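The values are calculated or read from the model by the stated rules, or taken from the named source; none is laboratory data. Computed from a predicted model, the values in this text were never measured in an experiment. A quick note on method: Cβ atoms are made from the backbone with ideal geometry, for glycine too, and the neighbour counts reach across all protein chains shown. Surface areas here come from the heavy atoms of the whole protein model, side chains and all, with no ligands, DNA or RNA. Shrake-Rupley method; radii C 1.70, N 1.55, O 1.52, S 1.80 Å.
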Amino acid sequence: MEGVPAVDVRAVTTVDDALRAELLACWVDVTNAGGAVGFVPPVTAADVAPVLDRLLDGITSGRDVLCVLTVDGATAGFAALVGSSSPLRRHWGTVLRVQVHPSRQGTGLGRALMEGVHRIAAGRGWEFVSLTARGGTGVDAFYRGLGYTEAGRLPGAVRVAPGDDRDEILLARPL
């Protein structure tokens, strides 16, 4: 249909330099726009790069999978699905670093990304996924709208600034 963007979420197991640069730029922009994805703004690419590279190590190992959101072929966001090394938890996955570029937010792409994450996780044979959300951002309501329920809360576990501690909210969803 003309005028409707082509939205896709694909599993990526190999990240080349061009995709790495796009992921890094997205993560920096999301953080600096106030996104709760592991940092407190302001950040630079030098701040985020080591954490991105550790995330990509898990992708390269084959244990984890990168879920890349594209709109008309251009990278618009991503999330990581992390598998457990425990034989007792191989039916569970953890969703990390869910983000949509700020220029693309508010258009339903977060929902599209998460639906793709769920499809990819189910395709790996996982029966459940979990994630954490930073309290005080309201993002936990977004996840509840996708079928997640609160499984626990760590009061004050996230320190975003001196005197500004937030709960870490654990959410889970069956697939």
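Points worth noting:
- Under the Karplus curve 6.51 cos²θ - 1.76 cosθ + 1.60, θ = phi - 60°, whole-Hz ³J(HN,Hα) for segment 63-80, x wherever Gly or Pro sits: 6, 10, 9, 9, 9, 9, 8, 10, 10, 6, x, 9, 4, 10, x, 6, 8, 10
- Projecting the Cα atoms of Cys26, Val37, Val7 onto the charge dipole of segment 1-87, computed from C-beta unit charges around the Cα centre, puts Val37 farthest toward the positive end.
- Local charge for Gly136 was computed over the other residues whose Cβ lies under 15 Å away, with Lys and Arg +1 and Asp and Glu -1, and equals -2.
- Dipole magnitude of segment 1-146 about its Cα centre (Cβ charges: Lys, Arg +1; Asp, Glu -1), debye to nearest 20: 560 debye
- Cα gyration tensor category, rounded, prolate or oblate, for segment 38-82 with a/c compared to 1.5: oblate
- Heavy-atom accessible area ranking, 1.4 Å probe, most first, across Leu24, Leu154, Leu96, Leu52: Leu154, Leu96, Leu24, Leu52
- Spin-label model, Arg124 to Thr137: label points 7 Å out along the Cα-to-beta-carbon direction sit 2.0 nm apart.
- Heavy-atom accessible area ranking, 1.4 Å probe, most first, across Trp27, Trp92: Trp92, Trp27
- Contact order relative to length of the chain, as percent, for alpha carbon pairs under 8 angstrom and 6 or more apart: 19 percent
- On segment 1-154, 53 percent of the accessible area sits on carbon and sulfur atoms, based on a 1.4 Å probe.
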